[in-house]
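The block underneath contains the structure these notes are about, expressed in structure tokens.
The values are calculated or read from the model by the stated rules, or taken from the named source; none is laboratory data. The structure presented is a predicted model; accordingly, all values stated were derived computationally and were not measured. So basically every Cβ, Gly included, is an ideal-geometry build from the backbone, and we count neighbours across all protein chains shown. Accessible surface areas use protein heavy atoms only, side chains included; no ligands, DNA or RNA. Shrake-Rupley method; radii C 1.70, N 1.55, O 1.52, S 1.80 Å.
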Amino acid sequence: MPEAPATPGPNEDVVSLLLTQHARIEELFLLVTGSTGETRAEAFNDLVRLLAVHETAEEEVVHPLSRTLPGDNDALIDERLAEERQAKETLKVLIEGGVDADGFDEGVLLLRTSVLAHARHEERYEFPRLRQHVPADRLRQLATAVRAAEAAAPTRPHPGAESATANAVVGIPLTVIDRIRDAIRSAAD
Amino acid sequence: MFNPLEHKGLAPDQQLRSWRELNVDPIDPEAVDPYTRCRIITMNGIEVEAILFSHQFARNCPDDEVRRQLAYTRYVENQQQRVVNWLLPGLASVLETTLGYEQVAVDLTAWVARHEPDPYLRQAYEFGVLEDFDHLYRYANLYEMVERRKAEKVVDALTEVMPGRPTVHEHRHPFDEVRAPYDKDSVNPQSKLNALTILSAEQQVAIYYMNVGPQYMEPIARQLYQEISLIEQEHVTHYESLLDAGENWWERLLTHEYNECWLYHSFMEQESDPRIKAVWELHLQMELGHLQQAADLLRRHDGREPEEIVGSAGVPEPLLFEPNKQFLRHLLATQIDLNKLGEGYVREAHERFEWMQEQLHAGEKPPSEQVIDMHREQFGDEYRIETEGPHPVQSLRAAEGDRRA
Ligand SMILES: [Fe+2]
Ligand SMILES: [Fe+2]
Ligand SMILES: [Fe+2]
Ligand SMILES: [Fe+2]
Ligand SMILES: [Fe+2]
């Protein structure tokens, strides 16, 4: 797994944190598409976890905030949510089949294209408006909520009893998503 | 050797494209060979120069029939530019494309410097390449700050990222940017092509930066694009002054078309992506057609044969995108403190240079210095890719705390 990018201290705002996650998502996609065997299974597992944390945080914190900004943002946000839904569908199929399934390669490329295009849309049309309209303190405070989500998500279990491939097949259960959601809600208030 | 003058190419009336043909699929930014991106950026710059040159020619041409012929070929060049530049993906950000532009400036200029037969001209390329090399490093640091991504994603490890001649020292009095031209009648034809190629690439860089810079919201990004775009403008002055102003419009047109043939042929031979290779192949056939027309115009209006302008030996060896790490390290070690005075090169900070520096910096650090300070502040270090060991210049080595040293 690639080393985590340097995390620049407590001054980091939520936009920077989400950008860092986008960068890590890109790196993990490169790793998944460019490797095989255990390495690939582990990378995919990391990717699934990070996507769960990241998209949940955006749905809970970022998109609702964007709706409240001046101007009519609903159409824009609805488009982002539709992209996230579509990516989740593809992801679900990939998780169910596992990294060794037929069609995993094609599926992961499709997922990559839709997730990365989604991320670029956010960076171009949504994040700049947050920086423009939301006070810097508030954006820093929201970074704390997103970090709480990261802490609430399970890390990959130690390799041992189960193979990494088996872990990847399990994916992120709904209860975990709920845990991430709770962590964000209590930290964001 | 490939001699474009011996080929007919595609007839003019077969060169127009429909919307469907113009609507090309872009490259995949996550899986592209960085040098494929470099070839696209280079050919975009070449086509932009073909268009701008043709407009200038038309404005200076009283012959209506020639103006109509120029207009038609210019339309084709425009479609070529749209196809080539539209190979770049919408998924890439402006800064990612910028990193690609500077990678082009580094590895294209380095290749040309290594293959330039004339020592005075070679010195101009060796001098210029160290400046774009520094831009790559400044933009890479901006990229990590603004987009939280690493330049390695774009340039891979093909080109190193570390300080060149520091951008702060690149701002000179414009008088000193003007070089002495080659002599059109005695110069090696390859020198004409080299100069036109680098001039076109730098011109496109300057135009790009001066237009995209204000798209950023971050003050440091806006400021850095302002600063570097002014250097790129000076690079255009530097390289365009190498051309002999005594070349007339007919021979300049011929050289332009011949140069396009050389470059498309070079890239066709080297291209790793078969879909992109097919574009280079098609465009080569188009350029061979343009060259025939330009040769006819030259014969008719100037009374000369094309061989008198570009020689009869065919194009030079293929221009290649390839790593130039050792060559660049050698230049860093030997030419980092070089400056320009008049049409020559000196090592001291002379009076006109100091005067210009005072006007611009006014006692403050320029954006190109601030961007590194800010990066160190936020990340605890600066962004570099040093694959071949520490920086060859002691004073430009990374300070303590560098993640990658
Ligand atoms: Fe996102
Ligand atoms: Fe062309
Ligand atoms: Fe540059
Ligand atoms: Fe330049
Ligand atoms: Fe042409």
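When residue A:26 is tested against (1) within 14 Å of chain B (Cβ to nearest Cβ); (2) more than 13 Å from the chain's Cα centre (by Cα); (3) open to solvent by less than 40 Å² (accessible area, probe 1.4 Å); (4) not aromatic (Phe, Trp, Tyr), exactly one condition is not met: (2). Applying the set (1) within 29 Å of residue B:330 (Cβ to Cβ); (2) surrounded by 19 or more Cβ atoms within 10 Å (Cβ to Cβ) to residue B:50 leaves exactly one unmet item: (1). Within the range B:120-142, the set of residues being farther than 17 Å from residue B:178 by Cα and more than 14 Å from ligand 3 (Cβ to nearest atom) comprises just one member, B:141. Quick one: in the range B:223-246, of everything that is more than 16 Å from ligand 4 (Cβ to nearest atom) and surrounded by 15 or more Cβ atoms within 10 Å (Cβ to Cβ), which residue is nearest to the chain's Cα centre (by Cα)? Ranking the qualifying residues of the range B:223-246, first place goes to B:243. Of the residues making up the range B:338-377, those that are assigned to a loop (DSSP other than H, G, I, E, B) and not hydrophobic (A, V, I, L, M, F, W, C) number 9.
In this structure, residue B:64 does not satisfy being among the acidic types (Asp, Glu) and under 30 Å from residue B:102 (Cβ atoms).
Among the residues making up the range B:47-86, those that are within 14 Å of residue B:290 (Cα to Cα) and aliphatic (A, V, I, L, M) are B:50, B:51, B:66, B:70, B:71, B:76. Within the range A:99-112, residues that are within 12 Å of chain B (Cβ to nearest Cβ) reach partners that are among the aromatic types (Phe, Trp, Tyr) with beta carbons closer than 7 Å, at six or more positions or on different chains, in the pairs A:112/A:29. All of (1) within 14 Å of chain A (Cβ to nearest Cβ); (2) under 26 Å from residue B:104 (Cα atoms) hold for residue B:380 with one exception: (2).
Determine, yes or no, whether residue A:57 is under 26 Å from residue B:218 (Cα atoms), away from every other protein chain (no Cβ under 14 Å) and in a helix (DSSP H, G or I).
yes
Based on what the data block shows, is residue B:73 of a type in the set (Ser, Thr, Tyr) and within 16 Å of ligand 4 (Cβ to nearest atom)? No; evaluated as a whole, the condition is false for this residue. Of all residues in the range B:327-378, those satisfying the criterion of being surrounded by fewer than 12 Cβ atoms within 10 Å (Cβ to Cβ) and at positive phi are B:362, B:363.
Just one of the listed residues (B:231, B:276) is away from chain A (no Cβ under 14 Å), hydrophobic (A, V, I, L, M, F, W, C) and within 16 Å of ligand 3 (Cβ to nearest atom), and it is B:231.
When the range B:81-138 is limited to residues that are within 16 Å of ligand 5 (Cβ to nearest atom) and open to solvent by 10 Å² or more (accessible area, probe 1.4 Å), the one that is nearest to residue B:193 (Cα to Cα) turns out to be B:81. Taking (1) more than 19 Å from the chain's Cα centre (by Cα); (2) in a loop (DSSP other than H, G, I, E, B); (3) not polar (S, T, N, Q) in turn, residue B:165 satisfies each apart from (1).
A residue that is in contact (Cβ under 8 Å) with a residue 60 or more places away in the chain, of a type outside the set (Val, Ile, Thr), outside any helix (DSSP H, G or I) and away from every other protein chain (no Cβ under 14 Å) can be found somewhere in the range A:69-81.
Look through the range B:205-219, keep the residues that are in a helix (DSSP H, G or I), touching a residue at least 40 places away in the same chain (Cβ under 8 Å) and surrounded by fewer than 18 Cβ atoms within 10 Å (Cβ to Cβ), and return whichever of them is nearest to ligand 5 (Cβ to nearest atom). The selected residue is B:207. Residues that are more than 16 Å from ligand 2 (Cβ to nearest atom), modelled with pLDDT of 80 or more and open to solvent by 80 Å² or more (accessible area, probe 1.4 Å) number at least 3 in the following helices (runs of 4 or more DSSP H) confined to the range A:107-176: A:136-152. Only a single criterion out of (1) of a type outside the set (Lys, Arg); (2) in contact with a Gly (Cβ under 7 Å, 6 or more places away or on another chain); (3) within 25 Å of residue A:139 (Cβ to Cβ) is not satisfied by residue A:84, namely (2). Checked against the criterion of being under 27 Å from residue B:33 (Cα atoms) and away from ligand 2 (no atom under 15 Å from the Cβ), the candidates B:267, B:321 yield just one match: B:321. When the range B:145-160 is filtered for residues that are more than 8 Å from chain A (Cβ to nearest Cβ), in a loop (DSSP other than H, G, I, E, B) and touching a helix residue (DSSP H, G or I) at 6+ places or on another chain (Cβ under 8 Å), the ones remaining, listed by number, are B:151, B:156, B:158, B:159, B:160. So which pairs qualify, if the first residue must be in the range A:117-143 and within 15 Å of residue A:20 (Cβ to Cβ), the second must be of a type in the set (S, T, N, Q), the Cβ gap must be under 7 Å, and the two must be at least 6 apart or on different chains? From residues that are within 15 Å of residue A:20 (Cβ to Cβ), the pairs are A:140/A:11.
Per-residue answers, yes or no, for (1) open to solvent by less than 10 Å² (accessible area, probe 1.4 Å); (2) closer than 21 Å to residue B:392 by Cα:
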position: B:144; (1), (2): yes, no
position: B:148; (1), (2): no, no
position: B:157; (1), (2): no, yes
position: B:162; (1), (2): yes, yes
position: B:166; (1), (2): no, yes
position: B:169; (1), (2): no, yes
position: B:174; (1), (2): no, no
position: B:184; (1), (2): no, no
position: B:187; (1), (2): no, no
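Residue B:88 meets the conditions (1) within 13 Å of ligand 3 (Cβ to nearest atom); (2) in a loop (DSSP other than H, G, I, E, B) in every case but one. The failed one is (1).
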